[in-house]
Amino acid sequence: MALKKYFPVFVLPTLVAFIIAFAVPFVLGIYLSFTEFITVADAQWVGIENYIKAFSNDDFINALWFTVRFTVVSVITVNLIAFILASILTKGLKGTNIFRTVFFMPNLIGGIVLGYIWQLIINGVLQTMGVTITYDPKYGFWGLVILMNWQLIGYMMVIYIAGIQNIPSDLIDASKVDGANRWQTLRNVTVPLIMPSITICLFLTLTNSFKLFDQNLALTAGAPSKQTAMLALDIYNTFYSRIGWEGVGQAKAVIFFVIVAVISFVQLALTRKREVEQ
Amino acid sequence: MNSSSKAFSKAVLYAVLAVASAVFLAPILIVVINSFKGKLYISDEPFSLPDGETFAGLENYTSGIEKTEFISAFGWSLFITVFSVLAIVIFTSMTAWYIVRVKNFFTKALYFIFIFSMIVPFQMVMFTMTKTAAELSLDTPWGIILIYLGFGAGLAVFMFCGFLKSVPLEIEEAAMIDGCNPLQTFFMVVFPILRPTAITVAILNAMWIWNDYLLPYLLIGSEYKTIPIAVQYLRGGYGSVDMGALMAMLVLSIVPIIIFYLFCQKYIIKGIVAGAVKG
C-alpha cells in the first residue's frame with residue numbers, strides 16, 4: 001500500500017514530540033535515579049543509594065501513607081455517592097438534566113482553583129473553633145477528601161448513568177416478575193451488568209486520587225510541616241526545594257511510577273474478571 | 001405500590017437532589033459573594049453577605065486583573081490550549097490511521113509504547129522533561145505545544161485506533177482507486193468518519209490543558225503565565241495574601257469554563273462517556 005511511504009508525514013510529527021516529551025525523559029529518569037546529580041550533565045553513578053535514602057526518608061513514608069489512606073477513603077465515597085445519584089437520575093424524574101448539569105460542573109474547574117475555593121470554605125467553618133486548615137493534619141486530610149468528592153462525583157455519575165441506561169429493561173422486569181426485591185435486583189442484575197462502568201470509575205478515581213497534586217498544593221501545600229503532603233507533592237519538594245537531593249527525588253518518582261503501574265494492572269485485572277457478557 | 005407512597009418516595013428523591021444541588025453550588029456562590037467584599041473582611045466572615053461597610057464593588061477585580069496580568073494569562077491559556085488540541089487531534093489521528101492500516105512489527109511496538117505512556121505519572125518525567133525541553137529551546141508557548149502533543153499522544157492514539165479498527169477498508173480503497181493519495185484519502189474520507197472520536201479527544205485534552213498547572217509552570221512559568229499559574233502566583237508571590245484579588249481571580253477563572261460548559265454540554269458529556277468506555 002502506498003501509505004507505507006508516507007511514514008514521515010503521518011507518524012513522524014507525533015513520534016518526534018513523543019520522543020522529546022516522554023520517551024527520552026522516561027529513560028533518562030530511570031538512569032538518573034541511580035546517580036547523584038544537579039544539572040544532569042554532572043551525574044555520578046551511586047547504585048541504589050537514592051532508593052535507600054528515599055525509603056528511609058520520613059517525609060516520603062508519611063506521604064505514602066497519607067496518599068494510601070486518602071485514596072482508599074476517596075475511592076469509596078466518590079463511587080458510592082456517584083452511584084446513588086446516578087440511580088436517582090435514571091428514574092425518569094423531571095429536571096434530571098438540570099441536576100446532571102449541576103453535579104458535573106465542578107469537574108471542569110482546575111485543581112488550583114478548586115483548592116482555593118475549598119480553602120476559603122473550610123477555613124470559614126474551622127474559624128468557629130478558632131483554628132485553620134493547617135492547624136492539624138486531619139483537617140487537611142478531610143478537606144482533600146471533601147474536595148475530591150466535589151470534583152469527581154459528577155464525572156463518575158455521568159459514567160454510571162450511561163451504564164445504567166444500557167441495561168435492557170426486560171432484564172429488570174424479568175427479575176421483578178421472578179419476585180426479586182429492590183436490593184436483590186441491584187445486587188444480582190444491575191451491578192453485574194454495569195461492571196464495565198464500575199471498572200472504569202474505580203480506575204479513574206484510584207489513579208486520580210493517587211496522583212493528586214494541584215489540589216494538594218493549593219489547599220494545604222503540605223502544611224502543617226509536610227504532614228499533609230501527598231506523594232506527588234513530596235516528589236516535587238524533594239526536586240525543587242532540597243539541593244543535592246535531585247537523585248533521591250528521581251528515585252521517589254520511579255517508585256511512584258511503579259506503584260501506579262501495579263495498582264492500575266491489578267485493579268483492571270480484578271474487575272475485568274467480574275464483567276459479564278451482555 | 002400505591003400512588004400516595006409513590007408520590008412520597010418521589011418527594012424524598014427530589015429532596016435529596018435539592019440538598020445535593022445546594023451542596024454542589026454553594027462553594028461557587030460563596031466565592032462569588034466574597035469577590036465583592038473588601039479584602040480584609042473575607043477571612044473573618046466568609047459566609048456573610050456584603051453590606052454597606054464590607055461591599056467593595058469591583059475593586060477586587062481591577063486590582064486582581066492588574067496584579068496577575070489576568071488578560072495576558074487568559075490569552076496564553078487560550079493560545080496554548082487551542083493550538084495544542086489542534087495539534088493533538090490532527091497529528092495523532094494521522095498516526096493512528098497509519099498504525100491501524102500498516103500492520104508490521106514497528107507499528108505494533110509503537111502502539112504498545114503509546115499505551116504504556118498513559119499509565120506513567122507526570123512526576124516520573126517532570127524533571128528530565130523540563131531539562132530536555134529547555135535544552136532544545138522548547139520552553140516557549142510554541143514549544144510547549146510540541147510537548148503537549150507528545151504527552152497527549154498516548155490516550156489520543158489509543159482512542160483513534162479503537163475507533164478506526166471498526167471502520168471498513170472499502171471506502172478508503174475506493175478513494176485510492178479514484179486516484180487519491182494517502183493524504184487526500186485521510187483528510188477527505190477518513191477524517192470525516194473520525195469526527196465523533198475527534199470531538200471526544202479534543203474535549204478531554206482541552207479540559208486537561210486549560211487547567212494544567214505544573215507542566216507550564218516548570219516550562220514557561222517564569223516568563224509566560226497561564227491562568228492557573230497566575231492564580232497560584234497571587235497566592236504564593238506576596239507576603240500577605242490579597243484575599244479580595246484572589247476571590248475575584250477565582251471567579252474570573254471559573255466563568256469562561258462555565259460558559260464553555262453550558263454551550264458544549266452535550267458534547268462534553270458524550271465525550272466523557274465515550275472516553276470512559278474506550279479507556
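The values are calculated or read from the model by the stated rules, or taken from the named source; none is laboratory data. Source: prediction; values computed, not measured. Here Cβ is always computed from backbone atoms with ideal geometry, including for glycine, and neighbour counts include all displayed protein chains.
Assorted remarks:
- Qualifying residue in region A:238-260 (condition: in contact with a Phe, Trp or Tyr (Cβ under 9 Å, 6 or more places away or on another chain) and under 19 Å from residue A:118 (Cα atoms)): no
- Residue, farthest from residue A:176 (Cα to Cα), within region B:1-38, restricted to residues that are within 10 Å of another protein chain (Cβ to nearest Cβ) and of a type in the set (S, T, N, Q): B:34
- Restricting attention to region B:133-180, the residues that are at pLDDT below 90 and within 12 Å of chain A (Cβ to nearest Cβ) add up to 8.
- Restricting region A:184-198 to residues that are in a helix (DSSP H, G or I) and within 14 Å of chain B (Cβ to nearest Cβ), the residue that is surrounded by the fewest Cβ atoms within 10 Å (Cβ to Cβ): A:195
- Residues that are under 19 Å from the mean Cα position of the chain (by Cα), touching a residue at least 60 places away in the same chain (Cβ under 8 Å) and crowded, with 22+ Cβ neighbours inside 10 Å occur at least once in region B:230-244.
- Any hit, region B:40-63, residues being buried (at least 16 other Cβ atoms within 10 Å of the Cβ), polar (S, T, N, Q), within 14 Å of chain A (Cβ to nearest Cβ) and in a helix (DSSP H, G or I): yes
- Selection count, region A:22-54, where residues are of a type in the set (S, T, N, Q) and surrounded by 13 or more Cβ atoms within 10 Å (Cβ to Cβ): 3
- Checked against (1) part of a helix (DSSP H, G or I); (2) over 16 Å from residue A:106 (Cα atoms), residue B:260 passes all but condition (2).
- Test: residue in region B:88-100 that is closer than 22 Å to residue A:208 by Cβ and either more than 7 Å from every other protein chain (Cβ to nearest Cβ) or within 16 Å of the chain's Cα centre (by Cα) (or both): yes
- Test result for residue B:88, out of contact with any Gly (no Cβ under 7 Å at 6 or more places or on another chain), of a type in the set (Val, Ile, Thr) and within 25 Å of residue B:206 (Cα to Cα): no
- Any chance residue A:72 is among the hydrophobic types (A, V, I, L, M, F, W, C), out of contact with any Phe, Trp or Tyr (no Cβ under 7 Å at 6 or more places or on another chain), in a helix (DSSP H, G or I) and more than 7 Å from chain B (Cβ to nearest Cβ): yes
- Test: residue in region B:160-168 that is of a type in the set (D, E, K, R), surrounded by 16 or more Cβ atoms within 10 Å (Cβ to Cβ), in contact with a helix residue (DSSP H, G or I) (Cβ under 9 Å, 6 or more places away or on another chain) and assigned by TED's automatic domain parsing to the domain that holds residue B:201: no
- In region B:20-39, the count of residues that are surrounded by fewer than 12 Cβ atoms within 10 Å (Cβ to Cβ) and at pLDDT 90 or above is one or more.
- Number of positions in region A:79-115 that are under 17 Å from the mean Cα position of the chain (by Cα) and more than 24 Å from residue A:198 (Cβ to Cβ): 6
- Looking at A:147, A:85, A:120, just one residue is of a type in the set (A, V, I, L, M, F, W, C), more than 9 Å from chain B (Cβ to nearest Cβ) and crowded, with 17+ Cβ neighbours inside 10 Å, and that residue is A:147.
- The residues on offer are B:112, B:79, B:105, and the sole one that is under 25 Å from residue B:198 (Cα atoms), in the same structural domain as residue B:162 (by TED's automatic domain parsing) and free of Cβ contacts under 8 Å to residues at least 60 places away in the same chain is B:112.
- Residue list for region B:173-199, restricted to those being among the charged types (D, E, K, R), in a helix (DSSP H, G or I) and over 15 Å from residue B:96 (Cα atoms): B:173
- Positions within region A:123-144 being assigned to a helix (DSSP H, G or I) and either touching a Phe, Trp or Tyr at 6+ places or on another chain (Cβ under 7 Å) or over 15 Å from residue B:46 (Cβ atoms) (or both), in sequence order: A:124, A:126, A:137, A:138, A:139, A:140, A:141, A:142, A:143, A:144
- Against the test of being touching a Phe, Trp or Tyr at 6+ places or on another chain (Cβ under 6 Å) and over 30 Å from residue B:134 (Cα atoms), the options B:168, B:196, B:182, B:192 yield a single qualifying residue, B:182.
- In region A:247-278, the residues that are in contact (Cβ under 8 Å) with a residue 40 or more places away in the chain and buried (at least 23 other Cβ atoms within 10 Å of the Cβ): A:247, A:248, A:250, A:251, A:252, A:253
- The set of residues in region A:213-244 that are of a type in the set (Ser, Thr, Tyr) and either closer than 26 Å to residue A:40 by Cα or free of Cβ contacts under 8 Å to residues at least 12 places away in the same chain (or both) comprises A:225, A:236, A:238, A:240, A:241.
- Here residue B:57 meets each of (1) at positive phi; (2) within 19 Å of the chain's Cα centre (by Cα) with one exception, condition (2).
- Complete set of residues in region B:65-80 that are buried (at least 19 other Cβ atoms within 10 Å of the Cβ) and modelled with pLDDT under 90: B:68
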